[in-house]
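**Q** Structure provided below as structure tokens; questions to follow.
The values are calculated or read from the model by the stated rules, or taken from the named source; none is laboratory data. Here the structure is a predicted model, which means the values were calculated and not measured. Note that each Cβ is placed from the backbone with ideal geometry, even for glycine, and that neighbours are counted across all protein chains shown. Accessible surface areas use protein heavy atoms only, side chains included; no ligands, DNA or RNA. Shrake-Rupley method; radii C 1.70, N 1.55, O 1.52, S 1.80 Å.
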Amino acid sequence: MHGAAMSGWLLVALCGVTSAYCLLRMRSGPRAERPVARGEALMGLGMAVMAVPAAVFAPPGWSWAVYATVFGAAALRALWWVRGGTHGSHHLHHLIGSAAMVYMAVVMAPGAGGAAGGHVGHGAVTAGGVPLLTGVLLAYYAVYVLRAGARLIPLAGALPSASPAPVPVPAGGAFGWGARPELALACRLSMALGMFTMLLTL
């Protein structure tokens, strides 16, 4: 019981910090990447709320419909951006993530596939969902985590060992953190790992 609650709080912290950094990227990052950061912030926030241990907050029976509506709209928006071709790979990843959130929300629905109307991310939901679809999503996120981790290692190794030159402070007051590609990739890796963990509980 305590282990399930601890893993839930770890997911809340991980996804909450990731969402907060994405909000920073919306403010200080390159303008072309702000729609991507906005989608990632929404995803991180939704995952953090979904992962709150049921012993602390038992969601109402209609909460699954809210999740499904919000992330269904996010999936449609991501699909529109994918068709536009700008940052297509990122928006395709958001499309899959939003669809996964809708899927988990439906599993949360009272009386659906073994779900007890609880949260998904901390073991409050018994076995449910469509095994084949769950397996496909798990495989996707496992591959994504491995690929993102492999890409992150060269980025970290390329950082200079000497003290870098002072980073100019943008007008918004953020110290250039929103424009650091290694941090953005680390956030995507963290959310993919969190999604993989949440899918394991289905």
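**Q** Show the residue pairs meeting these rules: Cβ distance below 8 Å; 6+ apart or different chains; first residue within the stretch 52-73 and open to solvent by less than 60 Å² (accessible area, probe 1.4 Å); second residue among the β-branched types (Val, Ile, Thr) and part of a helix (DSSP H, G or I).
**A** Note: pairs meeting the criteria are Val52/Val12; Tyr67/Val102; Ala68/Val102; Ala68/Val106; Phe71/Val102; Gly72/Val102.
**Q** Taking the conditions exactly as written (at pLDDT 70 or above, among the aliphatic types (A, V, I, L, M) and touching a Lys or Arg at 6+ places or on another chain (Cβ under 8 Å)), does Ala148 satisfy them or not?
**A** For Ala148, the condition - at pLDDT 70 or above, among the aliphatic types (A, V, I, L, M) and touching a Lys or Arg at 6+ places or on another chain (Cβ under 8 Å) - is met.
**Q** Looking at Leu193, Leu132, can you tell me which residue is at pLDDT 70 or above, over 13 Å from the mean Cα position of the chain (by Cα), aliphatic (A, V, I, L, M) and within 30 Å of Pro60 (Cα to Cα)?
**A** Unique residue meeting the criteria: Leu132.
**Q** Shifting gears a bit: When both residues are 6+ apart or on different chains and their Cβ atoms are under 6 Å apart, which pairs have a first residue that lies in the stretch 7-33 and is touching a residue at least 40 places away in the same chain (Cβ under 8 Å), and a second that is β-branched (Val, Ile, Thr) and surrounded by fewer than 22 Cβ atoms within 10 Å (Cβ to Cβ)?
**A** Qualifying pairs under 6 Å: Val12/Val52.
**Q** For the stretch 74-85, give me each residue that is in a helix (DSSP H, G or I) and open to solvent by less than 70 Å² (accessible area, probe 1.4 Å).
**A** Ala74, Ala75, Ala78, Val82, Gly84
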